[in-house]
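Sharing a structure with you now.
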Amino acid sequence: MFLIVPFVSSHSRNQSIRCSFCTSPIGDIRCRAMEKVIEATIVPCPNAKYGCKESTTYGNKSSIHEKVCVFARCFCPLQNCNYVGSYTDLKGHANAAHSWEEYGLISFVFDRPLIFGMNINEKKMVVFREEEDGDLVVVQAFKGTEGVSVTVSCIAPLSPGIRNLSCSVAKLNECTTLRLRLRVKNIQKVSEQMQFEDGFMFIPSYMLSGGHMKMQICIGCDGYKYIHI
């Protein structure tokens, strides 16, 4: 963070710039003493509005705490919903504000497999809500020239206090079945762009029949113990 005065063009340098309060001349040299004062100022966490009580210095705004804050804002993944809140508040919001029928939420229980459908030509995302604690898990399909990539994510901050999930996901066909075990990655907001460095299932074109995909998933609450289906 640098504290400087605005740039002054060469043709106006002969005209002294003065402070509007005390009329003293103002130069174009950094005021390092004032910079240190500002950097040492205590400011609240940017997530204070969502319940965080932590604070840090202004000069350390990109602190480790901010990156792993359990109150980091999370965005509702359901279509046409602009709700933003903490991880805990978001789970309550989904239960109170969105009906299962209207928004297509699918209820799930940990370690219990279930079958669902996706139409990659229309709806490329399915949202699941855990029955007891309300965790929101999002399955997304990204169509490419060679097939479809499927990701599984949980709407949650990257905080040590948030449990990690794992899952097994399968593409079901009459004659062949493709299965894969994945870590469920935590994300704060659903993106329409796939991050290819993350784990995903790739379904080749020959396993696709039109736009409809019959899928199976089993989600576990231990991110290091992969579930079998």
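Please treat every number below as a calculation from the coordinates, not as lab data. Computed from a predicted structure; not experimentally measured. Cβ placement follows ideal geometry from the backbone for every residue including glycine, while neighbour counts extend to all protein chains displayed.
7 Å from Cα along Cα→Cβ at both CYS19 and VAL84: what's the point-to-point distance in nm?
So the label points at CYS19 and VAL84 sit 3.7 nm apart.
Show the residues, 5+ positions off or on another chain, whose built amide H is closer than 5 Å to the amide H of THR56.
VAL43, CYS45
May I pose another question? Sort 148-155, 137-144 by packing, meaning the average of other beta carbons within 10 Å per residue, with the highest value first.
Going from most to least packed, we get 148-155, 137-144.
For each pair in LYS123/LYS214; LYS67/LYS123; LYS123/LYS189, compute the distance between the two Cα atoms and list the pairs where it is over 22 Å.
LYS67/LYS123
Work out from phi, with θ = phi - 60° and the Karplus expression 6.51 cos²θ - 1.76 cosθ + 1.60, the ³J(HN,Hα) of each residue of the stretch 149-155, listed in order in whole Hz, and give x for Gly and Pro.
So the J values, rounded to whole Hz, are 9, 10, 10, 10, 9, 10, 7.
So for each of 184-194, 82-92 I average, over its residues, the number of other beta carbons within 10 Å; can you give me the resulting order with the highest mean first?
Packing proxy ranking, top to bottom: 82-92, 184-194.
If you don't mind, another one. Near GLU132, within a Cβ-to-Cβ distance under 14 Å, what is the net charge of the other residues, with Lys and Arg +1 and Asp and Glu -1? Spell out each step's value before the answer.
Values: positive: LYS91, ARG112, ARG129, ARG163; negative: ASP111, GLU130, GLU131, ASP133, ASP135.
Net of charged neighbours comes to -1.
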